[in-house]
Amino acid sequence: MHDHMMPSSPSTPTRIRRRRTQDVIFPELSKLNGGHLLMDDQNKYRTMWIRTYSSLWMLISIIIVLYLGHLYICAMVVVIQIIMTSELFNLLRRTDEDKCLPGFRQLNWYFLFTGMLFVYGRILSQQLVNTATIDEFSYKLVSKVIKYQMVFCYFLYIAGLVWFILTLKKKTYKYQFGQYAWTHMVLFVVFTQSSFTVANIFEGIFWFLLPASLIAMNDVAAYFFGFFFGKTPLIKLSPKKTWEGFIGGSIATMITAFLFANVLGRFQWLTCPRKDLSTGWLQCDPGPLFKPEYYSIAGLTRWLPLKEISILPVQWHALCLGLFASIIAPFGGFFASGFKRAFKIKDFGYYIPGHGGLTDRMDCQMVMAIFVYIYYQSFVPQDYSIDMILDQIVRNLSFEDQKTLHHMLGQIFRQRQMKNY
């Protein structure tokens, strides 16, 4: 220290500057890679029981909502999105600046409302039309609303932009523009990705329940494998994550994906797509993905009474989902861990004891939701039935165009009949 001190006269006292230490210390943030593994935590059993009780309550609640049907599941997703958005909005909130900016805090929620109106309007457009086909007036009204929905949402956004500009104040420019950018990042990263969950639900609850279960299974399996066997640190962003937990969770997730898909694929309530916004019980003919195929195992096993096993084609797709859920989706959690370290917080919220906030639990679900949507649209064979084609005709063609189509189809049929003769 004396090497850095300037010489002074005897009558002048020497001033030594000391750096102020932080009053709040975040133990988990200061640990090095592997410095605090889960199996070395003295309070791990207490934490495990708290997490277990919370998980059981969440599981019971989800089962009840699943029984109620598609619309209630979508409502649950929307509520979760709103809570997650609230948790993230509060990260950069400054009370002093907000007091000087009346109405500015409501602007974040205005943009969220506009985003919900746009995204869900696009996703649920077909279901809205199918629901309104009973009444001709309602059908025409809904068709017009859907046709101009993008224009309406655009001008809502422009109104929000004008609102934002009118609220700008000289001494808070940086804070206000930071909030504006933060709001759009939250809407893009959190809301838009998780909104694909609703699209997956209407393709069949199966495409919501299986991926969500795989994420939960991977989380639980990785936790317990790391709890009992974890010794090798995995990544610096999450000191409690271990290679043993990551590998064990991946294997358990792949096995669960293959077996659980066979169970879920046998219930029509889970596999039937919802084409409208009704809440009635669904019945449909199972598509090719959910019709069992039988494979002989007589030559492979002599000591088992089974001569053949039944496998649903969707189980092969489930393996791809399980692979993504176990290898790629955890990086959504690592991203959230790095995010929390950047803001020096332990959890995003406090709604779930032992888990933190809803954002802490849904970080991997967001990554999984958009992958399932892209995978379903790209690799899952679509069953275009006559009913679906008629729905498209009724929804997109005017009455005159439908008459023209009917006339053209009649000509095609007559030409084919003449060729046969």
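The values are calculated or read from the model by the stated rules, or taken from the named source; none is laboratory data. Here the structure is a predicted model, which is why all the values come from computation and not from measurement. Backbone-built Cβ (ideal geometry, glycine too); neighbour counts: all protein chains shown. SASA here: full protein model, heavy atoms, side chains in, ligands and nucleic acids out. Shrake-Rupley method; radii C 1.70, N 1.55, O 1.52, S 1.80 Å.
Scanning the range 324-342 for residues that are touching a residue at least 60 places away in the same chain (Cβ under 8 Å) and assigned to a helix (DSSP H, G or I) gives Ala325, Ser326, Ile327, Pro330, Gly333, Phe334, Ser337, Gly338, Arg341. What is the residue count in the range 341-386 for residues that are among the aromatic types (Phe, Trp, Tyr), exposed (fewer than 12 other Cβ atoms within 10 Å of the Cβ) and under 19 Å from Pro273 (Cβ atoms)? The qualifying residues number 2.
If the condition is being without any contact (Cβ under 8 Å) to a residue 12 or more places away in the chain, under 30 Å from Asp96 (Cα atoms) and open to solvent by less than 70 Å² (accessible area, probe 1.4 Å), then the range 123-178 contributes Ile158, Ala159, Leu161, Leu168. Scanning the range 294-323 for residues that are part of a strand (DSSP E or B) and open to solvent by 80 Å² or more (accessible area, probe 1.4 Å) yields Tyr294, Tyr295, Ser296, Glu308. When we screen Gly410, Gly338 for residues that are out of contact with any Phe, Trp or Tyr (no Cβ under 9 Å at 6 or more places or on another chain), more than 22 Å from Thr192 (Cβ to Cβ), surrounded by fewer than 18 Cβ atoms within 10 Å (Cβ to Cβ) and among the small types (Gly, Ala, Ser), the only hit is Gly410.
Count of the range 326-335 residues, restricted to those that are over 15 Å from the mean Cα position of the chain (by Cα) and buried (at least 21 other Cβ atoms within 10 Å of the Cβ), is 1.
Restricting the first member to the range 68-86 and to residues that are of a type in the set (Phe, Trp, Tyr), and the second to residues that are modelled with pLDDT of 90 or more and part of a helix (DSSP H, G or I), the beta-carbon pairs closer than 8 Å and six or more apart or on different chains are Tyr72/Val65. Of all the numbered requirements in (1) out of contact with any Cys (no Cβ under 6 Å at 6 or more places or on another chain); (2) open to solvent by 10 Å² or more (accessible area, probe 1.4 Å); (3) in contact (Cβ under 8 Å) with a residue 24 or more places away in the chain, Ala181 misses one, and that requirement is (3).
Entry remark, the range 236-268: residues being over 22 Å from the mean Cα position of the chain (by Cα), open to solvent by 10 Å² or more (accessible area, probe 1.4 Å) and more than 18 Å from Ala325 (Cα to Cα) number 6 in total.
Checking the range 358-379 against the condition returns no match, with no residue being touching a helix residue (DSSP H, G or I) at 6+ places or on another chain (Cβ under 7 Å) and not in a helix (DSSP H, G or I).
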